[in-house]
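Q: Below you'll find the structure I mean.
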Amino acid sequence: MKPFPKFSNILLPVAATTLNLFAQSDPVALPTLVVTADPDYKASTATKTDVPLKDIPASIQVVPVELLEDRGVTQVRQMLENVSGIQAESSYGGNGATFFNIRGFTTSNALRDGFRNYGYIATRDVQNIERIDVLKGPAGAIYGGTGSLGGYINTISKRPQDTAFGEAGITAGSYGLFRPTLDYNTPLGGDVSFRLNSAYEHSDGFRGDSGYDSYSVAPSFRWDISPGSSLTLLLEYNHLDREGFDFGVPNIENYRDLSTTRYYGLSSDYGENDTYAATLLFEHELNEKWTLRVGGHASQAHMLSTQTFPDLGSYSGGNLMPYYTYVDSDEDSADYAIQTELLGKFETGTFKHNVLFGIEAARFEHKYGNTPFYAVTLDLDDPDYPSPLGPKNQNGSGEGTEDDLGLYAQDLIELAPQIKILGSARADWFNSRVYRRNDLAEESSQFTFSPRAGIVWQPVETTSLYFSWNKSYAPVIGHSLSNATYDAETAKQYEVGIKQDLIKNQLSANLAVYDLTRDGILTADPTNPQNQIQTGEQASQGVELDLTGQISPGWKVIASYAYTEAEVKSDSYFPEGDALSNVPRQSGSLWSTYQFTEGSLKGFGFGGGVYFVGEREANLPNTYKLPFYWRADATLFYERENWKVQLNVLNVFDREYYTGGETGVFNYTLDPAQPTTAQLKVSYKF
């Protein structure tokens, strides 16, 4: 096992001081928290309405903040390791954005409090996340066509509450990790509440030039205007400053021969990210059955960087690898949206309706500056050998914008207490524009119609059987020699499943079988690779199992398993039948904790988890595979009165493995796993 750099000097004094404080306190009874096992638990992401999960014909998983805290999660890429069918992918030079693979398909898009959020350069800190709703499969019937066709990840921000409370914590650990956090909530009077979440994090990283500093400040306000009416303002600012711009190691067949701790780039590399987000939510109960909801969202992200990455297309083997370095690259992105929704409940005869009507106007912008770039050669065996920079090139400036006007409607009908049907549809009018060097290069306008239908049958109170079908679209902008525009990419999915309450109101399971197909993917024109044609088709079929809840008082568990077959169905460049990269045929996880609730050990708890990812293709076209790996994590914690001390050890057995190699943008690199890491958190509630 490798040593823990700077571990004992930081953690042991903190632990000794904290345990001394505990020794002076009296033990108290600790509440048992059950978050998602209740079959009536509601997650609004799937339907935007207040409907129990058991009544929704879709695969939905909920990751509560308690699970993130138990696991010691500090990074976005760690958030979804306990959800079936999802793999973290390489982010943009370690910028911590939301890059995931869902049911075989890459996405950098996500939802932020129900609004679409382009996560390419926009970052988020887990400190301000209350829970994460994961909706599998395309969801254009509610959210339109500018997101992922594999699924949506909705991060829900912490909201102000009516009572005063607070929690301060400090986490310290391996590789110079130091992370203080604060969650403070207070009523301000006049039916106004205020909440502040903030975090700072420093890490030296286990790889050269992979250290970083980040901080997050997230104030929020809630005004209870009158009974049934409220106004909530959510603000967040995140800053990330990186020593380098770490893409990992080159994605080449002999990647195991490369150093896992060396930074493969230039000493001048760096990355700076700033993300600003504001969300305003107004809700008013018109009467007992109808509610009006109006929301606005704006987020802006800016990234400055000098980045060096491998040119695999020009690599012919050996120890000399061609790279490109982009100097002082300047990128911006922005999301703006306004939503107005009417929710209602009524009856027609014996049928009960739960309806939603909505309209959304949204705009997305992505800009990049006129950046110089150079060719350079690195010796994979000699970190002191970068060649002189080649001739200066200029990639020019560019901008892409997309406007979307969407109208949507949904009705969840209870035909009988045991039978519910869901129907929803959304019409979108898209207008996309691409500018190059301030000149309009391409423009397209498209109309899409995304339907969804499903049925739930509940033969007994603890069992829900469901079937669903949906179709979604995603606008496409590519490169055509004739400046032609393209039809929107299409996704269709069929899904059947069962939601089973294994222990009433305590332990539940969700089993889903799906068939998901993407059509209209842009591929290289075989007659001219500089042109693109719309002939690609990819498909993903699989089985997913998720189990979550409480087995007995103090004993919590969450487990997942996924069997996924994702492959190329047709393409002019990629061979038909090739498996999509970074998609394991089998993957799964198990995490469980136990806390003593009585006796002399009251307050003590322990837990651990195992994660496994099967063999998967490293690249597309397929030429070699990344092997199967497994990893174990563990935790030990103790609570007394308002204090808590928690030790987490990640990658307990120091397993060496690699992630990445995805089908998406960053398929030219692989990320080495972080070695055994320990972190100790001390927190105090007030």
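Q: With r defined as the distance between the Cβ atoms of Tyr435 and Ile498 and R0 fixed at 56 Å, what FRET efficiency is calculated, to the nearest 0.05?
A: Result of the calculation: an efficiency of 0.70.
Q: Relative to the Cα centre, what is the charge dipole magnitude of the range 122-242, using +1 at the beta carbon of each Lys and Arg, -1 at the beta carbon of each Asp and Glu, and rounding to the nearest 20 debye?
A: Here the size comes out at about 300 debye.
Q: Within the P(r) computed for the chain, what percentage of the Cα pairs occupies the region above 42 Å?
A: Pairs farther apart than 42 Å: 25 percent.
Q: FRET efficiency for Ile338 and Phe686, Cβ-Cβ distance as r, R0 = 30 Å, nearest 0.05?
A: 0.20
Q: Could you tally the net charge around Ile225, taking each other residue with its Cβ under 15 Å from the Cβ of Ile225, Lys/Arg +1 and Asp/Glu -1?
A: That works out to -3.
Q: Which order do Thr377, Thr171, Thr371 fall in if you start with the one that has the fewest other Cβ atoms within 10 Å?
A: So the ranking, lowest neighbour count to highest, is Thr377, Thr371, Thr171.
Q: In terms of the Cα gyration tensor, with a ≥ b ≥ c the square roots of its eigenvalues, is the range 602-686 rounded because a/c is under 1.5, prolate because a/b exceeds b/c, or oblate?
A: Taking the square roots of the gyration eigenvalues as a ≥ b ≥ c, the range 602-686 is prolate.
Q: What is the calculated FRET efficiency for Asp330 to Ser572, with r their C-beta to C-beta distance and R₀ = 25 Å, to the nearest 0.05?
A: 0.15
Q: Rounded, prolate or oblate: which fits the range 39-148 when a ≥ b ≥ c are the square roots of the eigenvalues of the alpha-carbon gyration tensor, with rounded for a/c under 1.5 and prolate only if a/b beats b/c?
A: Judged from the Cα gyration tensor, the range 39-148 comes out oblate (a/c at least 1.5, b/c at or above a/b).
Q: Rg over Rh of the range 368-429, using C-alpha atoms and the Kirkwood radius, what does it come to?
A: 1.53
Q: Compute, for the chain, the length of the dipole vector about the Cα centre, with Cβ point charges of +1 (Lys, Arg) and -1 (Asp, Glu) only. Units Debye, rounded to 20.
A: Rounded to the nearest 20 debye, it is 1360 debye.
Q: Per DSSP helix of 4 or more residues, -39500 (n - 2.57); summed, then divided by the residues of the chain. What does that give at 222 nm, rounded to the nearest 500?
A: That calculation yields -1000 deg cm²/dmol at 222 nm.
Q: For the range 213-334, taking Cα atoms only, what is the radius of gyration to one decimal and the Dmax to the nearest whole Å?
A: Final numbers for Rg and Dmax: 23.2, 72 Å.
Q: Among Asn622, Ser216, Leu356, whose Cα sits farthest toward the positive end of the charge dipole of the range 8-685 (+1 at Cβ of Lys/Arg, -1 at Cβ of Asp/Glu, about the Cα centre)?
A: Going by the charge dipole, the pick is Leu356.
Q: Using Cα centres only, tell me the gap between the range 281-340 and the range 562-599 in whole Å.
A: The range 281-340 and the range 562-599 have Cα centres separated by 25 Å.
Q: Moving on. Which net charge results when you count Lys and Arg as +1 and Asp and Glu as -1 among the other residues whose beta-carbon is under 13 Å from that of Trp630?
A: -3
Q: Moving on to the next point. How long is the gain from Asp204 to Glu272 if the chain were fully straight, where each residue apart is worth 0.36 nm and the alpha carbon distance is subtracted?
A: Result: 22.9 nm gained on full extension.
Q: With Cβ to Cβ distances under 13 Å as the rule, what net charge do the other residues near Gly166 carry (K, R +1; D, E -1)?
A: +1
Q: Still on this structure, please answer the following. Based on the mean of other Cβ atoms within 10 Å per residue, sort peptides 137-145, 437-445 so the most packed one is first.
A: Result, highest mean Cβ count within 10 Å first: 137-145, 437-445.
Q: Oh, and also: Work out, step by step, the length gained on full extension between Tyr215 and Leu304: first 0.36 nm times the residue separation, then minus their alpha carbon distance; give nm to one decimal.
A: Result: 30.4 nm gained on full extension.
Q: Be a star and scan the range 451-470 for residues whose amide nitrogen sits under 15 Å from the point 7 Å along the Cα-to-Cβ vector of Thr517.
A: 469-470
Q: Scale the Cα Rg of the range 565-655 by the rule-of-thumb value 2.2 N^0.38 Å and send over the ratio, two decimals.
A: Cα-based Rg divided by the globular estimate yields 1.70.
Q: Extending each Cα 7 Å along its Cβ direction at Leu292 and Asn254, get the distance between those two points in nm, one decimal.
A: 7.0 nm
Q: Same structure again: Which Cα, out of Phe430, Phe282, Pro64, lies furthest along the positive dipole direction of the chain (beta carbon charges, K/R +1, D/E -1)?
A: Pro64
Q: Per q in 0.10, 0.13 1/Å, what log10 I(q)/I(0) does a Debye calculation on the alpha-carbon atoms of the range 113-217 return?
A: Values, matching the q order: -0.44, -0.69.
Q: At 0.36 nm per residue, and after removing the present C-alpha to C-alpha distance, how many nm does the segment from Tyr237 to Ala409 gain when stretched out fully?
A: 58.6 nm
Each reported figure results from applying straightforward, stated rules to the coordinates on display, with no laboratory input. Quick caveat: nothing in here was measured; it's all calculated off a predicted structure. With ideal geometry, Cβ positions are generated from the backbone for all residues, glycine too; neighbour counts draw on all protein chains shown.
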